[in-house]
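Novice: Quick one: this structure, given as structure tokens, is what I'll be asking you about.
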């Protein structure tokens, strides 16, 4: 069986005040940090990454960090290659705390990076998701990731999981019935409409500047 795309998401949540403080303290740059991946624990996709496997891949990924090439995208592409046109951030540091692999991430001043920055400033909860290629095997009701796994990148996505959360996570996958509403065009609008609105506003401003 050939390798397939494997993704695992952790939540990144910050208040608008924390974002503004980060920008002020870093000369206009937005830098955030949180859990990138967890070892030896079953994630919401039912997969388990053994500590030795993640340590190996983290060591390899640190070479990209040293060269400032640990780039990630906004939303997961179905690809094992990082698309430079959609790059939004760069991982600048990684370290272990117990079985948690943490990282520091700089949001870049690219079109996708600007969208990511505005989402954070608006208090939108996002997830950071590892992207890699590999195979899996079943063992005692769990799906174990095999040693052929290769880490590709860490991407920001709009559907974070709350398992093992960092910085008081909020689960955006909760039932939408409690906060759904109908907007003027007749469709049901949930909390994700705020994300869509911010993205459309930024894209409109980019279009006006051209």
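Where a number appears in this text, it was derived from the coordinates with a stated rule and is not lab data. Computed from a prediction, not measured in an experiment: that's the story for all the values here. Every residue, glycine among them, receives a Cβ derived from its backbone with ideal geometry; neighbour counts consider all protein chains shown.
Novice: Take the alpha-carbon centre of the stretch 118-134, take the same for the stretch 46-79, and report the distance between them in whole Å.
Specialist: One Cα centre to the other: 14 Å.
Novice: Assuming R0 = 30 Å, can you tell me the calculated FRET efficiency for the pair residue 64 and residue 20, based on Cβ-Cβ distance, to the nearest 0.05?
Specialist: According to the calculation, E is roughly 0.55.
Novice: Full extension from residue 31 to residue 84: what is 0.36 nm times the residue separation minus their Cα-Cα distance, to one decimal in nm?
Specialist: Between residue 31 and residue 84, full extension yields 17.1 nm more.
Novice: Computed FRET efficiency, Cβ-Cβ of residue 92 and residue 138, R0 45 Å: what is it to the nearest 0.05?
Specialist: 0.75
Novice: Another question about this same structure. Which of rounded, prolate or oblate describes the stretch 1-100 when judged by the alpha-carbon gyration tensor and an a/c cut-off of 1.5?
Specialist: Because a/c hits 1.5 or more and a/b exceeds b/c, the stretch 1-100 counts as prolate.
Novice: While we're looking at this one, here's another question. What nm value, rounded to one decimal, do you get for the distance between residue 5 and residue 55 when each label is placed 7 Å out toward the C-beta?
Specialist: Result for the modelled spin labels: 3.1 nm.
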